[in-house]
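Colleague: What follows is a structure written as structure tokens; I'll ask about it next.
All of the numbers you see were taken from the coordinates with simple rules; none came from a lab. From a predicted model like this one, the values you see are computed outputs, not experimental measurements. Backbone-built Cβ (ideal geometry, glycine too); neighbour counts: all protein chains shown.
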Amino acid sequence: MGLKLKFRWNGHACFDIENQETGKKLIIDPFLEGNPVAKLKKDEVKADVVVVTHGHSDHVGDAPYISIKNKAPLVTMVELAWILGEKNEGLQIHDINFSGSVEVGGIKITAVPALHSSSYDGMYAGNPGGMILDFNGFKVYHAGDTGVFSDMELIGKMYKPDVALLPIGGHYTMSPHEALKAVELINPKMAIPMHYNTFPAIKQDPLLFKSLVEKSTKTKVMIPEIGSEFIIDPKDLN
């Protein structure tokens, strides 16, 4: 059959991704309860690993609950990992930092920088990050919350992500115009916008992002519907 990934966008920055070859499932930044656009409920989530990019509540979300319920390790930046471990008895934690990696269920997760901030429950929660999710050579870059920064070019050259999940909401992160520059620096085969239209402050038109990117680069843009599942086959990206 060959390696294929099944994605579902759950609104905001939350995606769940399944390696269809192995059946292993990952969920990242699972902000579900309290998310006005999410259709997935935290009790419905099945996951083998939970990943969190940084300490803001709209990214940590239901991660500890989902991790404990599924007996799935939670992977996040080191200081946030310590905080969550102290606050949630029974939570399995993998703490990583920039350029550090851990492998869970055959999925290699590597932390890379993001240009943002990070705090949790009134505490400093370390640096924000993006995450390279390596599914046996098929690489997905979840940028977390970030502004555009020149080291995105290094991320692109070192990790060569096939798919980049990029925030476009503006206000707290990049808007479509800055995200275009991010695509130019990263050079993924496909870009998928996220972190927009959850709240009025981050209202954006994803079609503008698609138009800007596909007019200026060779990167394809996919705009998923919230709650919809879609399959990406690496062969389709060549």
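Colleague: Taking the number of other C-beta atoms within 10 Å as the exposure measure, put Val78, Val140, Val51, Val112 in order starting with the fewest.
Modeller: Lowest count first: Val78, Val112, Val140, Val51.
Colleague: Still on this model: Order of Phe209, Phe98, Phe7 from fewest to most other C-beta atoms within 10 Å?
Modeller: Phe98, Phe7, Phe209
Colleague: Using DSSP loop states and a limit of at most 15 other Cβ atoms within 10 Å to flag trypsin sites (Lys or Arg not before Pro), what is the longest stretch of the chain containing no flagged site?
Modeller: 72-202
Colleague: Summing +1 for each Lys or Arg and -1 for each Asp or Glu, what net charge is found among the other residues whose Cβ lies under 13 Å from the Cβ of Val163?
Modeller: +2
Colleague: Something else about it: Explain nothing, just the number: dipole magnitude of the stretch 5-223 about its Cα centre with +1 on each Lys and Arg Cβ and -1 on each Asp and Glu Cβ, in debye rounded to the nearest 20. Each step should come with its number before you reach the end.
Modeller: Values: 22 positive and 25 negative charges, 153 e Å.
I would put it at about 740 debye.
Colleague: Okay, moving on. So between Ser101 and Asp43, what do we pick up on full extension, going 0.36 nm a residue minus the alpha carbon distance?
Modeller: On the way: separation 58, 0.36 × 58 = 20.88 nm, distance 2.82 nm.
Net length gain for the segment: 18.1 nm.
Colleague: Averaging over every viewing direction, what projected area does the convex hull of the Cα atoms of the stretch 5-223 cover, in nm²? Can you show the working numbers first?
Modeller: Working: hull surface 42.3 nm².
Mean orientational projected area (the stretch 5-223, Cα hull): 10.6 nm².
Colleague: Would you kindly derive the ³J(HN,Hα) couplings of the stretch 111-126 from the backbone phi angles with the Karplus curve 6.51 cos²θ - 1.76 cosθ + 1.60 (θ = phi - 60°), listing them in order in whole Hz, with x for Gly and Pro?
Modeller: The phi angles translate into 8, 10, x, 9, 9, 6, 9, 7, 8, 9, 6, x, 10, 4, 10, x Hz.
Colleague: Once amide H atoms are placed 1.01 Å from N in the peptide plane, what residues at a sequence separation of 5 or more from Val75, or on another chain, have their amide H within under 5 Å of its amide H?
Modeller: Residues meeting the criterion, in which the H sits 1.01 Å from N, are Val50, Val51, Val52, His94.
Colleague: For the stretch 69-77, in order, what is each residue's ³J(HN,Hα) by Karplus, 6.51 cos²θ - 1.76 cosθ + 1.60 with θ = phi - 60°, in whole Hz (x at glycine and Pro)?
Modeller: 4, 8, 6, 10, x, 9, 10, 7, 5
Colleague: Have a look at the stretch 119-221 and give its Rg and Dmax from the Cα atoms, expressed in angstrom.
Modeller: Rg, Dmax (Cα atoms, Å): 13.6, 43.
Colleague: Take the chain, connect every pair of alpha-carbon atoms lying under 10 Å apart with a spring to form a Gaussian network, then pick out the residue of Pro161, Pro224, Pro176 with the largest mean-square fluctuation.
Modeller: Pro224
Colleague: Under a 5 Å amide H to amide H cut-off, with H placed in plane at 1.01 Å, what residues pair with Trp9 once short-range neighbours are removed?
Modeller: It is Gly227, Ser228, by chain and number.
Colleague: Using a Cα-Cα cut-off of under 20 Å, which aspartates and glutamates could be cross-linked to Lys71, ignoring same-chain neighbours fewer than 8 residues away?
Modeller: Lys71 reaches Asp16, Glu18, Asp29, Glu33, Asp43, Glu44, Asp48, Asp62, Glu86, Glu89, Asp95, Glu103.
Colleague: Also, quick follow-up: Between Leu237 and Phe199, how many nm apart are label points set 7 Å from Cα along the C-beta direction?
Modeller: The two pseudo-label positions are separated by 3.1 nm.
Colleague: For the pairs Lys6/Lys203; Lys39/Lys210; Lys41/Lys160, note any where the Cα-Cα span goes beyond 29 Å.
Modeller: The pairs that break the limit, which is 29 Å between Cα atoms, are Lys41/Lys160.
Colleague: Another one. HN-Hα J couplings of the stretch 180-185 from phi, Karplus 6.51/-1.76/1.60, θ = phi - 60°, integer Hz, Gly and Pro as x?
Modeller: Result, rounded to whole Hz: 4, 4, 4, 4, 4, 6.
Colleague: Something else about it: Which order do Tyr196, Tyr159 fall in if you start with the one that has the fewest other Cβ atoms within 10 Å?
Modeller: Tyr159, Tyr196
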